[in-house]
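Let me begin by presenting the structure, written as structure tokens, before commenting on it.
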Amino acid sequence: MQNTKEIKMKINKLYRLYTLVCFAMLCFSSMVTAQSAGTELSATVVDEQGNPLTGVNIYGPGGSRASTNDNGLFNITLPNDEIVVVEKKGYESQFVSLSTIAGNITLVKSDFLASEDDEINMGVATRNRRDMVGSVSSVNTKDRLTYDNTQFVRDYIAGLTVGVRGTANVRGIGNALFVIDGVFGRDPNVLNMEEVEQITVLKDANAVALYGSQGQNGVIVINTKRGKINKKEVNVNVRSGIRTPLALPNYLDAATFMELRNEAFLNDGLDLDVVGFPQEQIQNTRSGLNPIEYPDADLYDFIQPFITTHNVISEFSGGNDKSQYYVNVGWLYNEDWININEDINAGTNRFNVRGNIDFKVNDWITSSIDGVAILSSDKSSRSNLLNANTTFLPFDYAPLIPVSLLDTENNPDLATLLAGANVFDGNLLGTAQQIQENAPVARAIAGGYQNRVFRVTQFNNAINFDLSRITEGLSAKTYISFDFFDTYTTSIANQYRAYAITGWEDGKITGLQDFGQDRRDLSENVASNGFVTRIGMYALVNYDKTFAKNHSINTTFLGYYNSEKRDGTVQTDRDSHLGFQLTYDFKKKLFVDFSGAYAHSLKLPEGNRGGFSPTVGLGYILSEESFLKDSNFVNYLKLKASGGIISSDRGIGGYYLYEENYRDGASFGWADGLYSNRRQDITQGGNPNLGFEERIDLNVGFESYLMNSLWLEANYFRTELDKQLVFLADQYPSYYNTFRPRDNFNADLYTGFELGLNFNKTFNDFSIGLGANVLYSQTEATKRSETNEFAYQNRQGLELSSIFGYEDLGFYTPSDFTTDTEGNLVLNSGLPVPNFATVQPGDIRYADQNGDDIIDQDDQIAIGQSASPWTYGVNLNLKYKRFNLFVLGTGQTGGDANKLTGFSNYFSPNGTDKYSEEVLGRWTPQTANTATFPRLSSGDNQNNFRTSTFWLYDNSFFRINRAQLTYEFTDALCDKIGVQDFSLNLQGTNLIEVAENRRIRQLNVGSGPQARSYTLGIRMSF
């Protein structure tokens, strides 16, 4: 329901946004780069053989730029004897000035995967991709954001990074540790993609060893952008679009609902004259002649057909050889799906500011200071109509009562009531007598609002020390970070009057009963939802040295500490470890890496709090050998293998689990009742030998570059998570219960492979980029302590996400029953009897797995698995002249899902639950051969709605996550309007999904719908 005021509000909001953006563009377009008087520098750039290099970029102070011509010559004016940056992709950059130039400038060609663009910032250390032997995948966002302009970091991870299932799960082992700008454990949801420069996934034990216990499940490192010397940039990205629902729940209309509820009453042997809906009510409701007297209400009618979204981000960066800066300022707005409260503008607003500063203290000390502030608010009414609709029965009452239906002429009391009533768009707020003023629509319109606010403040400082004065290649670094997150809710709780209809005559309302009173809340209420504070720090020493030309070592020693305090918890989470890494290489083609950590855990008993994590990795660049060095087919080929053990307490779910715990029990009397004491009950058994869990890892793989166009990487992995904490079921009798201690026992095995490829080729004005990645990860519970009577119920040897339930054999039929002398249905002899409830024809029949003629919990078996072993992503980038088309698709196969969970009984309405379209396929004697749903029952059916193969569905899918068409305007136009780059893009998300059960997968019940979005955006650089 949208009134004129709401529409004007939206128009005014869009107008203000448009004005703001236009003003910003006007200001930036008016900027000109004025060269002050100075000295002209002219030089020629050549390679190591003396050949002139064309297309070399030269960056001068103040944002001045130049590039070399076909003869390698450039000219640039410098105000003083300042630094000039000379760079070309694939070559090592140089910093030159007037006083240091003597003849030509020579650029040295970088080794493959050893240029500045190939540096992998791993949070605590930086390595060239060429030198790494662990399993590492990385994505640089440079230039990509122009044609793949997405907002959220997790959307960028899914489908583009090799070895990641979804947005955080590395190789199916579990959620990875996020490291953002060197800070362990930060949340990637606070970032927008425009801030991000590089995303790196560390997957095997050797790659994650420096991160200690926290890196057990893998590490995803995200580095934000930083200012560059002499590279002054201003970027503006503006996007605006709409979102439409992919699917909405389809509940039955009121008349059909009442008919089927009557059918359920009959199935249960009840008398419709006593409990049923009268046929007159059903017919009048279906006719729709008076939808207020005979309502057929659906709260989903209040959902908007589309909602708007807006996003504006500005970036400012630059600097000189003394200091550099990067600033990101952003605003994101998403309208709410339901916006019927005139007093609020329902939706989410997010503001973010980031500042990254790097500066030189003196010749041997540099430092950086980063600061982030985020304020996010989600404003809505105090009633969640999407959730309320899961239980709102369509025939109960009309949520809105038109004033025009009130017979005030013949009923003076109604006229008096109406005179003092608040009228909303010609309606009174409707309710029913049994709920009084607690009607969801009434509360949504008149009950005030709630505003959930989320605030983030982050600060980190790094100090880098060049200790080459002590010995060449020696450096050190200190790092400290402070994070504060807090959430709170502000609300206005208005009181309001709602009305229940008590009388009708000749189609007019003759009686109303009012509940509540109209009174506005004059004070805003504030309630804290909790906070988190985090302090992290580390210090490291690094030594990088080449000996005798062909031998190099790079070693790092790290000390790390992190403290995290959450509101409402007594124990502060603390993590600390010492880490080391020693890499040796011979001729930059043979690499040996020893990495490890010594972790300390407060979760373990004294004497067991230290855990050592040794790893080793080997790498061999085969393409450096003479038989491949000059190959035109194999440009690069590296073989690698690694293994190790990571000791971790990440899977230990609490503190003091190694101690015996006691509490006061019941009282008992003694001395003939004159005195009493309390028993002491044990709540937890102790184990002084409790230790770390272990990840035991093996990784074998290769990476290669073929025909100067095809990048390939592949890894086989075998990971065992051993010594997991459990209660041993087979070591203690069941009556011990709380006496049992925890032990390091369970073990899980993860095996599989990952494959990634990227193909890039240019043909004149046309270029193609094709990327794909595949992850296969199979799991197994290799060790369990179990005492099940039947072997088929043991978890050992099964997939970790195995779903246990009953095997359904279809529906019971009338032939499965006989009628006794009292007219009751009795199961035929030879058929197993369910012990849950008495069954009838149309109920689900289950297999008797143990042959005891009883259906009970002993008949549950493994019927599926929720995890998909196969996940994959594919992306296509086509460019023709100034047009660019990018498409990203992701998919999974091999996993199952359960209709009984996560859908608020939409697919499994039972008893008095609200009926959805699913029940149209119910079993009846007439539909026995085609039924897709069990018989209806008015009571709680204890047989049908148990996890079984009947309710499982294949969760495989392939989806086009997003597609973007981009047009980059000509340089001539950009020069004319005073910008460096200017592009226009149109993007769509969630465009297509191919899946057997797409209807189920795309449905959200009780919350906001999954959406397809269409966004128009512009990007400008100055």
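The numbers here are math on the coordinates, done by the rules we state, and not lab data. No experiment lies behind these values; they were computed from the predicted model shown. Cβ atoms come from the backbone with ideal geometry, glycine included; neighbour counts cover every protein chain shown.
A Förster radius of 51 Å, combined with the Cβ-Cβ distance separating residue 436 from residue 787, puts the computed FRET efficiency at roughly 0.45. For the stretch 596-701, trypsin sites (Lys or Arg not before Pro) meeting the loop criterion (DSSP other than H, G, I, E, B) and having at most 15 other Cβ atoms within 10 Å: 609.
As an exercise, use a Förster radius of 56 Å and the Cβ-Cβ distance of residue 489 and residue 101 to find the FRET efficiency, rounded to the nearest 0.05.
Numbers: r = 63 Å, r/R0 = 1.12.
Given R0 = 56 Å and the Cβ-Cβ separation, E is 0.35.
Legend: distances between Cα atoms for 109/588; 549/587; 89/638; 203/587; 322/545; 88/879; pairs beyond 19 Å are 89/638; 203/587; 322/545; 88/879. Once backbone amide H atoms are built at 1.01 Å from N, residue 729 has 785 as its partners under 5 Å, excluding neighbours fewer than 5 places away on the same chain.
Stretched out straight at 0.36 nm per residue, the stretch from residue 539 to residue 926 would grow longer than its current Cα-Cα span by 131.7 nm.
Pairwise Cα distances in the chain exceed 58 Å in 24 percent of cases. Charge tally around residue 1012: other residues with Cβ under 12 Å, Lys/Arg +1 each, Asp/Glu -1 each, net +2.
Over all distinct Cα pairs, what is the inverse of the mean 1/r for the stretch 693-837, reported as the Kirkwood hydrodynamic radius in Å?
That comes to 21.4 Å for the stretch 693-837.
Once a ≥ b ≥ c are taken as the square roots of the eigenvalues of the Cα gyration tensor of the stretch 882-981, is the result rounded (a/c under 1.5), prolate (a/b larger than b/c) or oblate (a/b not larger than b/c)? In terms of gyration-tensor shape, prolate. Can you compute the FRET efficiency between residue 551 and residue 142 using 1/(1 + (r/R0)^6), with r the Cβ-Cβ distance and R0 = 30 Å? Round to the nearest 0.05. Calculated value: 0.35.
Run the dipole for the chain about the Cα centre, Lys and Arg Cβ at +1, Asp and Glu Cβ at -1, nothing else charged, and hand back the magnitude in debye, nearest 20.
For the chain, the charge dipole is close to 3720 debye.
Test of the criteria: in the stretch 918-1005, which GluC sites (Glu not before Pro) are in a DSSP loop and have at most 12 other Cβ atoms within 10 angstrom of their Cβ?
Sites meeting the loop and neighbour criteria: 996.
Annotation: aspartates and glutamates with alpha-carbon distance below 17 angstrom to residue 477 (same-chain offsets under eight excluded): 181, 358, 363, 370, 466, 544. For the stretch 222-317, applying the loop criterion from DSSP together with a ceiling of 16 other beta carbons within 10 Å to the GluC sites (Glu not before Pro) yields 293.
Using a cut-off of under 14 Å, list every residue of the stretch 354-385 whose amide N is near the label point 7 Å from the Cα of residue 187 along the Cα-to-beta-carbon line. From the stretch 354-385, the list is 373-378.
Between beta-carbons, use under 15 Å as the cut-off and find the net charge around residue 663, counting Lys and Arg +1, Asp and Glu -1.
Working: positive: 678, 679; negative: 659, 660, 664, 681.
Combined, the nearby Lys, Arg, Asp and Glu give -2.
Hey, can you list the DSSP H helices of the chain whose Cα span along the axis is 24 Å or longer and whose average Kyte-Doolittle score is at least 0.0? Before the final figure, lay out each step's value.
Numbers: long enough: 4-29 (37 Å, 0.49).
Membrane-span-like by this criterion, though nothing is claimed about a membrane: 4-29.
Within the shell defined by Cβ-Cβ distances under 12 Å, the residues around residue 897 carry a net charge of -1, with Lys and Arg each +1 and Asp and Glu each -1.
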